[in-house]
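This report concerns only the one structure given below.
The values are calculated or read from the model by the stated rules, or taken from the named source; none is laboratory data. Quantities reported herein were computed from a predicted structural model and do not represent experimental measurements. Cβ coordinates were reconstructed from backbone atoms using ideal geometry, including for glycine residues, and neighbour counts include every protein chain displayed.
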Amino acid sequence: MRTIVPILLALLLLTACKGKENRTAAGNAEKPRIIVTIEPLRYFTEAIVGDRFEVASIVPKGSSPETYDPSPRQLIDLAQSKAYFRIGYIGFEQVWADKLAENAPHLHFFDLSEGIDLIYDESHAHRHGASQEEDKGVEPHVWCSTANAQIIAANIVKAMHVLDKANDSLYMERYKALSRRIERTDSLIRHTLATADSAFMIYHPALSYFARDYGLRQIPIEEGGKEPSPARLQELIDLCREEAVHVVFVQPEFDRRNARLIADQTGTQIADINPLAYDWEKEMLHAADVLRKHHTR
């Protein structure tokens with residue numbers, strides 16, 4: 001499929017431009033649109049832009065942003081939008097964002113990971129023309145962190161200064177309100193984790209930045225996007241006991257069999273977590289609360 005991407009984009013963007021002309025001639029009363037990659041980013045963006053923009057995410061609920069391919073309709077919608085906000089380093093963006101930028105020069109593209117202290121991890125090695133530094137791989141789940149959320153929010157308000165400078169004061173007011181909510185979330189998490197486990201296991205390592213924020217140890221089951229070998233499974237079972245792990249987090253898009261095997265062997269509890277959910281605040285608090293609830297088990 002990758003070999004036909006430029007042709008597909010050219011056709012879609014031609015269609016998009018004609019559609020845009022038709023709407024303009026008819027007197028378009030629609031709100032301008034901002035496209036984002038994932039639902040948590042829609043949460044942050046909507047908190048700042050309010051009802052002045054329509055905000056839509058490309059990767060739908062239940063899909064993996066590492067492997068998702070957008071539909072032709074989504075590509076047309078993006079070409080007709082005011083801007084595209086990318087979260088930074090997830091697989092979808094590595095494949096598509098640069099191609100979209102090249103083929104839609106009228107769009108504003110913003111990387112909301114700018115300024116974040118990135119975690120480099122060989123298990124997330126880039127697959128598409130990475131630099132020498134990026135060959136180490138960037139741990140892409142930057143939004144799973146209250147510290148990073150503050151940076152993402154600040155980047156959004158900077159982007160809105162470019163897109164709609166006339167309403168700077170409105171966006172700044174909403175940004176400050178969001179920043180206070182993020183501060184409150186951070187405070188609640190710290191209070192909750194004061195009596196919680198300091199180590200946890202997780203199928204896919206989505207909480208690396210969360211763990212760094214709060215001095216926790218994340219032990220991933222998956223390695224480099226691959227299922228663990230039988231020998232590695234035994235190592236994880238032993239490590240689970242050594243580190244007094246009580247919780248194994250599993251995201252909805254991943255298989256539970258290995259997590260269940262480890263839980264059955266160690267008496268740990270499997271807990272659902274969805275880092276891709278729209279309600280970012282609720283999910284961050286949920287992760288901390290699960291670690292607290294199972295602390296004494």
Practice problem: State which residue pairs qualify: first residue surrounded by 13 or more Cβ atoms within 10 Å (Cβ to Cβ) and inside segment 161-181, second residue of a type in the set (Asp, Glu) and not in a helix (DSSP H, G or I) in any location, beta carbons under 8 Å apart, and separation of 6 or more residues or different chains. | Solution: Tyr171/Asp164
Quiz item: Of (1) modelled with pLDDT of 50 or more; (2) in a loop (DSSP other than H, G, I, E, B), Asn28 satisfies all except one. Which?
Solution: (1)
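So, in segment 238-297, of the ones that are of a type in the set (Ser, Thr, Tyr) and in contact (Cβ under 8 Å) with a residue 12 or more places away in the chain, which residue ends up surrounded by the fewest Cβ atoms within 10 Å (Cβ to Cβ)?
Going through segment 238-297, the residues of a type in the set (Ser, Thr, Tyr) turn out to be 266, 268, 278, 296.
Of the ones still in play, those that are also in contact (Cβ under 8 Å) with a residue 12 or more places away in the chain are 266, 268, 278.
Numbers: Thr266: 18, Thr268: 22, Tyr278: 16.
Among them, the one singled out is Tyr278.
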Quiz item: Does segment 175-198 include one or more residues that are modelled with pLDDT of 95 or more, part of a loop (DSSP other than H, G, I, E, B) and in contact with a Ser or Thr (Cβ under 8 Å, 6 or more places away or on another chain)?
Solution: no
Quiz item: In the set Ser179, Ser187, Ser229, which member is over 24 Å from the mean Cα position of the chain (by Cα), over 20 Å from Pro65 (Cβ atoms) and among the hydroxyl-bearing types (Ser, Thr, Tyr)?
Solution: Ser229
Self-check item: Among (1) of a type outside the set (Gly, Ala, Ser); (2) surrounded by fewer than 21 Cβ atoms within 10 Å (Cβ to Cβ); (3) part of a loop (DSSP other than H, G, I, E, B) - the single one Gln234 does not satisfy
Solution: (3)
Quiz item: Gln218 passes all but one of (1) in contact (Cβ under 8 Å) with a residue 40 or more places away in the chain; (2) assigned to a strand (DSSP E or B); which number fails?
Solution: (1)
Exercise. Please specify each residue of segment 56-79 satisfying the condition of being surrounded by 20 or more Cβ atoms within 10 Å (Cβ to Cβ) and at pLDDT 85 or above.
Key: Ser57, Ile58, Val59
Exercise. Could you please find all residues in segment 199-213 being part of a helix (DSSP H, G or I) and under 30 Å from Val49 (Cβ atoms)?
Key: Ser208, Tyr209, Phe210, Arg212, Asp213
